[in-house]
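K.L.:
Sending over a structure as structure tokens; questions will come in a sec.
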Amino acid sequence: MFSKLVLATDGSDHSHRAADKAIELAKLSGNASIEIIYVVDGSKSKSDVLQYGDTATVTKKREEMLSIFSNKIAGEGIPSSIKILHGVPAETIIKHVNDNNFDCLILGSRGRSRVQTMILGSVSHKVMKYVKAPVLMVK
């Protein structure tokens, strides 16, 4: 079944629900591991530094947010790892998943309005379209 899972997260409520589903899927598989990925784009990186003052504090804040996910997964006895990537979120997730032969990508969907989605698109929509692995999108 699925043994190499990847959870794309941004720390949102949707990401927490996606983490719960990733845990369920890993338990069904019996011997799965979960890689937790977080993508930092350029504008987010700049605003984080302005908000927190320096890159060391920003890195610490990101690691604290991601540790919530890794602790939740570890608490269920499932091995996990964390990877922070840099780039445009959709494209970076697509490349990472396709280049690393994951069995399944799990990610949350943000509740954008219909107009916003038509004009801007969404990370989850782009990922669903171009990732070669099965994708579980959690609302």
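Values quoted throughout were computed directly from the atomic coordinates according to the rules given, and no laboratory measurement underlies them. Small disclaimer: the values here were computed from a predicted structure and weren't measured. Backbone-built Cβ (ideal geometry, glycine too); neighbour counts: all protein chains shown.
K.L.:
Under 19 Å from a label point 7 Å along Cα→Cβ of residue 1: give me every residue in the stretch 67-97 with its amide N that close.
P.N.:
Counting backbone N atoms under 19 Å from the label point, the list is 73-80.
K.L.:
Collect residues whose amide H, placed 1.01 Å from N in the peptide plane, falls under 5 Å from the amide H of residue 2; neighbours closer than 5 in sequence don't count.
P.N.:
So residue 2 has HN proximity to no qualifying residue.
K.L.:
Follow-up. Would you kindly state how much longer the chain becomes between residue 31 and residue 59 on full extension, computed as 0.36 nm times their sequence separation minus their alpha carbon distance, in nm to one decimal?
P.N.:
Values: separation 28, 0.36 × 28 = 10.08 nm, distance 3.07 nm.
Fully extending the segment from residue 31 to residue 59 adds 7.0 nm.
K.L.:
Any chance you could run the full-extension gain for residue 16 through residue 88? It's 0.36 nm times the residue separation minus the Cα-Cα distance, nm to one decimal.
P.N.:
23.8 nm
K.L.:
Then there is this: 5 Å is the cut-off here: which amide hydrogens, built 1.01 Å from N in the peptide plane, fall below it relative to residue 36, excluding neighbours closer than 5 in sequence?
P.N.:
For residue 36, the qualifying residues are 7, 81, 82, 83.
K.L.:
Skipping prolines and chain starts, which residues have an amide H placed within reach, meaning under 5 Å, of the one on residue 10, given they are 5 or more residues away or on another chain?
P.N.:
Residues meeting the amide H criterion: 15.
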